[in-house]
Every structure is written in structure tokens, then in C-alpha cells.
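The structure appears right after this line, and notes come after that.
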Amino acid sequence: MDYLDSLNEPQREAVINTEGPSLIIAGAGSGKTRVLTYRIAYLIQHKQVDPFSILSLTFTNKAAKEMRDRIERVVGTEARNLWMGTFHSVFARILRAEADRLGYNRNFTIYDTDDSKTLIKSIVKEQGLDDKVYKPNVVFNRISSAKNRLISWRSYQDNPSIRAEDEAAAKPHMAKLYRMYAERCFKSDAMDFDDLLFNTNVLFREHLDVLNKYQQRFRYVLVDEFQDTNVSQYLITKKLAAVRRNIAVVGDDAQSIYAFRGADIQNILNFQKDFSEAQVFKLEQNYRSTKNIINAANSVIARNKAQLKKHIWTANDQGELIEVIKATSDQEEGRLVAYSIFETKNNEHSRYRDFVILYRTNSQSRAMEEALRKRNIKYKVVGGLSFYQRREIKDLIAYMRYAINANDEQAFRRIVNLPKRGIGPTSVDKVIVTAYERGYDLWEVLQKAEELFPGRLGNALGQFTDMIKGFQLEAARKDAFEAASHIAKGSGLLRELYEDKTIEGLSRYENVQELLNAIKEFVDDPEAEDKSLSAFLQEVALLTSSDQDKDDDPDKVTLMTIHMAKGLEFPYVYVVGMEEDLFPSQMMLASRQDLEEERRLFYVAITRSMKRLTLSYALTRYRFGRLKNCEPSRFLEEIDPAYMMVNKELGTRSPVGDTNHARVLLKSIQRDRQRIPTNRSTYKAPANFAPSDTSQLAPGMKVEHPKSGFGRAENIDNQVANRKAKVIFDDFGEKTLLLSFAKLKIHDE
């Protein structure tokens, strides 16, 4: 039991008190993973709990693997028997076992976001709808939001308020698109990511015997990053724990930053209401950061009203004051940050991988990348195109998917004319339409192709079908690597790439070889019980972005959004673009809830830093092609100035507690916030100003705003619940507004 000796008292209490519901509030850097790991190890080793009866849910495969490895070091190979993984991977496993209850085949396909959007695009085109109004992104997000709130297409269709929202957003056909999308997925024997959660809820609601089976199987349920769960995820875990009530949730409400993905902070805030007998454990000692960084973070998050009270502290050194860089432009901001990194690396003998540049939006990376390149500083941008999203990889995977599930419409569309077989888009549409008109499955149509489409098309489809039948036999009889190798060669893909001698062609060929290497590693993994092609495809489909990062040269400065940085830590952190309307985002100022989420996001950014934190802002910045004056973020004023220092010139640092520097810095920020930019409007609306009904607002219309004056609507973006409009004001310039809050008056010309 020596691992218990490494824990502080609150951590130890959270580990050994295993019975009944537990809420473990884990502050940033407080050893959350260690506590969760040792709690599971304690259950197995001390409580003699069978690992098969422990369910542990995480948000990334990487986190699950790290935890399983740690547990295995304590309890041995028994750790491999845990039900541990992401929500999606665990529920996909359950759905495969119970697929027939919902009318699916065990080998159903899992559609990624690209597959879903491609299908939506096809449906919009088939229905003759305007693809500029029904953009795949918008339709997909609307459907995803509905599923995460457990609204089926039938409920959506029958809900007057939802239909009214769509009418107001000028998208009256959204319900029909949701219905057709759901039917096409089902017909293709496919589920998207949201379906893995939605259908698990349906399974447990409509088949109580199945729910009871898993309630009895899982004696203990543990949930990591509980503040990030959505309604659907929480309902599933709540149902699974309803009988034994041994549920432990670990999280930090101060790091709840994914509302845009459907995460509901109320899940953690209200946990004690659902489980009134819950024990609460607070992990408040931070092991990551210096005192100055922790104190600064505390001073910021204290301003939020919706939170579970706690006081994060650390026994680490006082550390350096937080540096604030003021730049005249975004280009200068990039130059100053790049110079600071270059100087710090050389003076302190650090590595580039010790540095991270965090920003609110991906577009901010451009100025930073240019500045780093000019100094020959190696960097990587996290969130770019991942290996499994590359075209040639998706092509071969589509072939493999189709060999497993011959009703997969999206895989069929991708591969039927790849390499070219003379089966163009019109012919493909004819095949799909025939299937739906005659009530056939797609594979039935292909097997009857020569009869249904006499002539050249029937012959081409017949040859394609015979090839797929051969792939099906290989997939059924051989392991994933042998089957994939056969498909890569038999499809003609490998030969086509090999014959392309361009640099791009060689790179694509090498990528396919790397995919085959990955499949060989999967097959050779002694822990993999199922070595089939179907099992490999499920593993790939459920990869998260953080699981896919591979880098031959790890010594690079990292650039990423703050959202992607959650859970990570770096010795040197730069948070750039600390300006109003950028951070906090202009789109997050409509309500207290939104602003508090932005503040939590800033808290996450601060607490990524171990040793030194630098914040920067620019007085001018190019946004949407226009130079705009900027004012410092309100968040800079919310940090207690005792923990910050003014930047006079890089290389000079203030001693801790230098109140003169703190006063100078605060005055400088306040002065910059109070200055009136040249493009700031001083317009005052007339006394009889009355806003219009903006449901009919269209691009080109003249509008009036009570503060920004007259302008013209440039385009309208119809989001899930709130329509946005980009308006070019005569005096103010460009601004994006939420129409439900903007109070615009429409003027006839």
C-alpha cells in the first residue's frame, strides 16, 4: 500500500472512501489523475473488486491509456480487464454487443464529421435546397445540438418552438433534413459520434433488461473531467449508477470551457442535488505552478458567481511576476513574443518544447508563425490536419469500411470510382435513388446492378461488386493487416499512388505505407484481443485529436488554442491577443453565463504555466482584412496587480513585491482601455428609436444601432439558436452581432 504514502491527506481520503457517491473537486494541477488512478487501484487491491466490474470514463484515449498504465504498475495485468476508455469508445462497445436491439448490425460504421457533412451536402442537393442557406456545417451543428439534448428527429419535427426557431432563422426545412439524415444513416447501418451517446440512451430507456444487465455488471462507475459532460453523457452514467450508487465524479467547475460542444456546467454544480448523500473531497493543493501564478488565477476566477467554492494554493516557490507585453500591432506582438522565446531559451538553457503560445482563435497563429519563422524557431501548430484526415488515408479506410459494411453510403460514394472506373457522380446518384425508390439496401442494388442498369454502367458496377466480395472474404478470414494489405493492392490505390512520381505522390504513397505499418502494430499488440479489420476501424474512428499527434522532432514551440491546451502544462506560457472583443470574445458578451465561461477559459490559460507566464496585447490588429484599434482585455485588470510586472524592455524583470511596477502596469492598462480609438463611434440614437423584428434581415439591408449608428448588413449567419449578422457601420467599421441582442432597426431605402 506504499502508493498511499505519496498522497496528501485530501487525496488519500478521496482514494480510500470508495462506497457511495463521491464528488472530487480537483483544482488545476492538484493531482487529479493520480487520485483517480489510485482510487481504482485501491478498489482492485484492497477491496478485492473484480476489474471487469469497474467502469472508468474519460474524454481522450490518451488519458485512458495513461491511467491504465499507471494502474497496471500498481496492481499488475489485472488492470487490462477494466472497462476503461472514452465515453464514445465504451458506449460503442456496448452498442456493438446490443446492436440488434436497435435494428443495427454489429459491424455498423462510425461516421466521422466529414462523413456526416458530406452526407448532409448530398441530401441538401437532392432536395434542391440552397446550399448557401443550408450549409453542411450549420445543418450538422443543429442536428448535433439536438441529439446532445436527446431530441430525436421525430421530437424535433413535432416541437412547435423548435420549428419556430428554424422559421425565424429562415431554415424551415431543417426538420426534414434531420429526418432524412437520420434515415440515411440508419439505412447505411452507420452511426455518427453523437449517435453513440444518443443511441445508448435509447437502448437503456427502451430495453430495461439491457440497462439492468449493465447496472449489475458495473459495481463502480468513475467519471473523469466531469465538468465537460453534456446532458446525454450524464444521464447514461446516472442510470448506470442508479442501483448501486457507487459513482465517483472528478472535475473542476473552474475549468468548464466546452459549452459550445454541449458541456453543461450544471452537471457538476448540481451533482449533490442528484446524489444528496455524496461525499465531497476538495483537492486544493497545486503541484504545478508558482505562488504568483496560482494567486493571479485565484484573483481572476473569484469574480465568477456560478462556482463551487475552493481555495487553490501551492507550496512551490513564489516565482516570477507575470509579465505583460504591450505591442503597437499584432505584427510587433509576434516579434516581441518570438524574441522573448529566443532570449529565454538561450539564457536559461531551456528547450523549445518547453514553450507554448496560446490564443483564443486559430486565426491568431499567423502573426506568431511569421515571427517565429523569421527567427528560425521551430514550431508546430496543434489542431492542423491530422494523419487520419489526409485524403489518401481516408480513401483506403473507406475501402476497408465498405468491405466490412456494404451498406455504408459514404464509403461507397468515395471509392466506387477510385481509381476511375467510368462511374461518375450522376451514375452514383442513380444507384442511390434506385435503392431508396425500390426499398432496397445499397448492397442489394449493387448485386443486381447488371439487371437494373443494363449496359456499360451495369458492367462497371458488376466488376466493382465482385472486387468487394473478394475483400469481404479476406476481411472475414484474415487479420486486419493481411486484409488491409490485400485491399490496398486489390483496389488499385497502392499502384496508382506508386506510379505518381511527383513529390506529393511519393508523400501520399509513404502515408499509405505508414497506415499499413499502424495496422501491423495493432495486430502485433499482445493486449489486442480482437485483431480483425472491424476492430481496427473502430479504434481509428474513435481517435481524438490529441491521440493523433505524432512528431519526429519534438523540440518545437507549440502553438494552440486555449481550448486545446486544457489538461496540458508547460514551463513557459504566452497568452497572446489579450484584447476586448478577442478575449473575451465578442460573441461571449451577451450574458453573464457566457462571460463567466470566457473567464474560466482565461483561468485555464493561466494555470497551464509551471514557471513563467507572459500575457500580451496589441493596440492595433488586422481582423477580417481591416486594421482595427484595440483596447486591453478586461481580464488584465481583473488580475491582482501585485502579481504582475510592466514590460519596459525584454530582458529586465521586476523583483517580487515591487509595488511601483504594479502601479505603473495597472495605470498603463487602464489608460489603454480608456483611450477612445479613432474608429469608436460616438453615435447617440434618437429618443424614439425602436428596434425592428430582425427575422427578415437580409444581406444588403440598411440598419441602425443605438450605439454604433448606421450601417449595412453584409451577411447573415444562421447558427443553432442565435442568428449572427456581420454589419459594416459607417463610423464604427465591421462588427458581428447576435441578432437576438443587437437591437437593430431596419431602414427602407
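Taken over the stretch 502-524, the criterion of being touching a helix residue (DSSP H, G or I) at 6+ places or on another chain (Cβ under 7 Å) and open to solvent by 90 Å² or more (accessible area, probe 1.4 Å) is satisfied by no residue.
Filter the stretch 629-659 for residues that are in a strand (DSSP E or B) and either at pLDDT 90 or above or crowded, with 18+ Cβ neighbours inside 10 Å (or both) and give the result.
PRO632, MET644, MET645, VAL646
Checking each residue of the stretch 74-85 against the condition of being crowded, with 21+ Cβ neighbours inside 10 Å and of a type in the set (S, T, N, Q) gives no match. Would you confirm whether or not the stretch 46-68 contains a residue that is open to solvent by 50 Å² or more (accessible area, probe 1.4 Å) and hydrophobic (A, V, I, L, M, F, W, C)? Yes, the stretch 46-68 contains a residue that is open to solvent by 50 Å² or more (accessible area, probe 1.4 Å) and hydrophobic (A, V, I, L, M, F, W, C).
Yes/no matrix, rows are residues, columns are (1) at pLDDT 95 or above; (2) closer than 16 Å to THR86 by Cβ:
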site: ASP158; (1), (2): no, no
site: ALA164; (1), (2): no, no
site: ALA169; (1), (2): no, no
site: ASP195; (1), (2): yes, yes
site: PHE204; (1), (2): yes, no
site: LEU208; (1), (2): yes, no
site: VAL221; (1), (2): yes, yes
site: SER256; (1), (2): no, no
site: ALA263; (1), (2): no, yes
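Does GLY20 meet the test of being open to solvent by less than 10 Å² (accessible area, probe 1.4 Å), within 14 Å of VAL249 (Cα to Cα) and not basic (Lys, Arg)? Even if it seems obvious, please write down each step before you answer.
On the way: open to solvent by less than 10 Å² (accessible area, probe 1.4 Å): no; within 14 Å of VAL249 (Cα to Cα): yes; not basic (Lys, Arg): yes.
Judged against the criteria, GLY20 is not a match.
Please find, among GLU527, GLU499, GLU474, the residue that is open to solvent by 60 Å² or more (accessible area, probe 1.4 Å), of a type outside the set (Ser, Thr, Tyr) and either in contact with a Phe, Trp or Tyr (Cβ under 7 Å, 6 or more places away or on another chain) or touching a residue at least 40 places away in the same chain (Cβ under 8 Å) (or both). Quick ask: steps written out before the conclusion?
Values: GLU499 fails: either in contact with a Phe, Trp or Tyr (Cβ under 7 Å, 6 or more places away or on another chain) or touching a residue at least 40 places away in the same chain (Cβ under 8 Å) (or both); GLU474 fails: open to solvent by 60 Å² or more (accessible area, probe 1.4 Å).
Testing whether each residue is open to solvent by 60 Å² or more (accessible area, probe 1.4 Å), of a type outside the set (Ser, Thr, Tyr) and either in contact with a Phe, Trp or Tyr (Cβ under 7 Å, 6 or more places away or on another chain) or touching a residue at least 40 places away in the same chain (Cβ under 8 Å) (or both) leaves just GLU527.
So which residues in the stretch 398-431 are among the hydrophobic types (A, V, I, L, M, F, W, C) and open to solvent by 20 Å² or more (accessible area, probe 1.4 Å), if there are any at all? Write out each step before concluding.
Quick first cut of the stretch 398-431, residues among the hydrophobic types (A, V, I, L, M, F, W, C) only: 398, 400, 403-404, 406, 411-412, 415-416, 418, 423, 428, 431.
Those that are among the hydrophobic types (A, V, I, L, M, F, W, C) and open to solvent by 20 Å² or more (accessible area, probe 1.4 Å): ILE404, LEU418.
Tell me, yes or no, whether the stretch 556-567 has at least one residue that is modelled with pLDDT under 80, out of contact with any Leu (no Cβ under 6 Å at 6 or more places or on another chain), open to solvent by 40 Å² or more (accessible area, probe 1.4 Å) and assigned to a helix (DSSP H, G or I). Scanning the stretch 556-567 turns up no residue that is modelled with pLDDT under 80, out of contact with any Leu (no Cβ under 6 Å at 6 or more places or on another chain), open to solvent by 40 Å² or more (accessible area, probe 1.4 Å) and assigned to a helix (DSSP H, G or I). The numbered conditions (1) part of a helix (DSSP H, G or I); (2) closer than 28 Å to PRO425 by Cβ are all true for TYR156 except (2). Screening SER299 on (1) under 18 Å from LEU601 (Cα atoms); (2) open to solvent by 50 Å² or more (accessible area, probe 1.4 Å); (3) not charged (D, E, K, R) shows it passes everything except condition (2).
Per the listing PRO419, PRO425, the residue uniquely farther than 23 Å from MET180 by Cα and either of a type outside the set (S, T, N, Q) or touching an Asp or Glu at 6+ places or on another chain (Cβ under 7 Å) (or both) is PRO419.
Just one of the numbered conditions (1) among the aliphatic types (A, V, I, L, M); (2) in contact (Cβ under 8 Å) with a residue 60 or more places away in the chain; (3) within 27 Å of VAL433 (Cα to Cα) is not true of MET174: (2). From the list GLU370, GLU392, the one residue that fits, being surrounded by fewer than 23 Cβ atoms within 10 Å (Cβ to Cβ) and either among the aromatic types (Phe, Trp, Tyr) or free of Cβ contacts under 8 Å to residues at least 60 places away in the same chain (or both), is GLU370.
Each row is one residue, and each column tells you yes or no for (1) part of a strand (DSSP E or B); (2) more than 30 Å from SER144 (Cα to Cα); (3) of a type in the set (Gly, Ala, Ser); (4) at pLDDT 80 or above.
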site	(1), (2), (3), (4)
HIS661	no, yes, no, no
LEU665	no, yes, no, no
ILE676	no, yes, no, no
ARG680	no, yes, no, no
LYS684	no, yes, no, no
PRO691	no, yes, no, yes
LYS707	no, yes, no, no
VAL727	yes, no, no, yes
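Do you know which residues across the stretch 278-293 are part of a loop (DSSP other than H, G, I, E, B) and either of a type outside the set (A, V, I, L, M) or without any contact (Cβ under 8 Å) to a residue 24 or more places away in the chain (or both)? Across the stretch 278-293, the qualifying residues are GLU284, ASN286, TYR287, ARG288, SER289, THR290. Whenever a residue of the stretch 126-144 is touching a residue at least 60 places away in the same chain (Cβ under 8 Å) and open to solvent by 40 Å² or more (accessible area, probe 1.4 Å), its partners that are basic (Lys, Arg) and in a loop (DSSP other than H, G, I, E, B), lying with C-beta atoms within less than 8 angstrom and at least six residues away or across chains, give the pairs VAL133/LYS171.
Residues in the stretch 9-54 that are in a strand (DSSP E or B) and under 22 Å from SER276 (Cα atoms): 5 in all. For the stretch 432-452, a residue qualifies if it is open to solvent by less than 60 Å² (accessible area, probe 1.4 Å) and part of a helix (DSSP H, G or I), and the qualifying residues are ILE432, THR434, ALA435, LEU442, TRP443, VAL445, LEU446, ALA449, LEU452. Among the residues of the stretch 27-42, not a single one is of a type outside the set (Asp, Glu), farther than 21 Å from ASP252 by Cβ, in contact (Cβ under 8 Å) with a residue 12 or more places away in the chain and surrounded by fewer than 17 Cβ atoms within 10 Å (Cβ to Cβ).
Checking the conditions here, which among LEU203, LEU235, LEU211 is in a helix (DSSP H, G or I), more than 16 Å from THR18 (Cα to Cα), touching a residue at least 60 places away in the same chain (Cβ under 8 Å) and more than 21 Å from the chain's Cα centre (by Cα)?
Criteria check complete, one pass: LEU203.
The values are calculated or read from the model by the stated rules, or taken from the named source; none is laboratory data. Everything numeric in this text was worked out from a predicted model, so none of it was measured. So basically every Cβ, Gly included, is an ideal-geometry build from the backbone, and we count neighbours across all protein chains shown. For the accessible areas, the whole protein counts, side chains as well, though only heavy atoms, and no ligand, DNA or RNA atoms are used. Shrake-Rupley method; radii C 1.70, N 1.55, O 1.52, S 1.80 Å.
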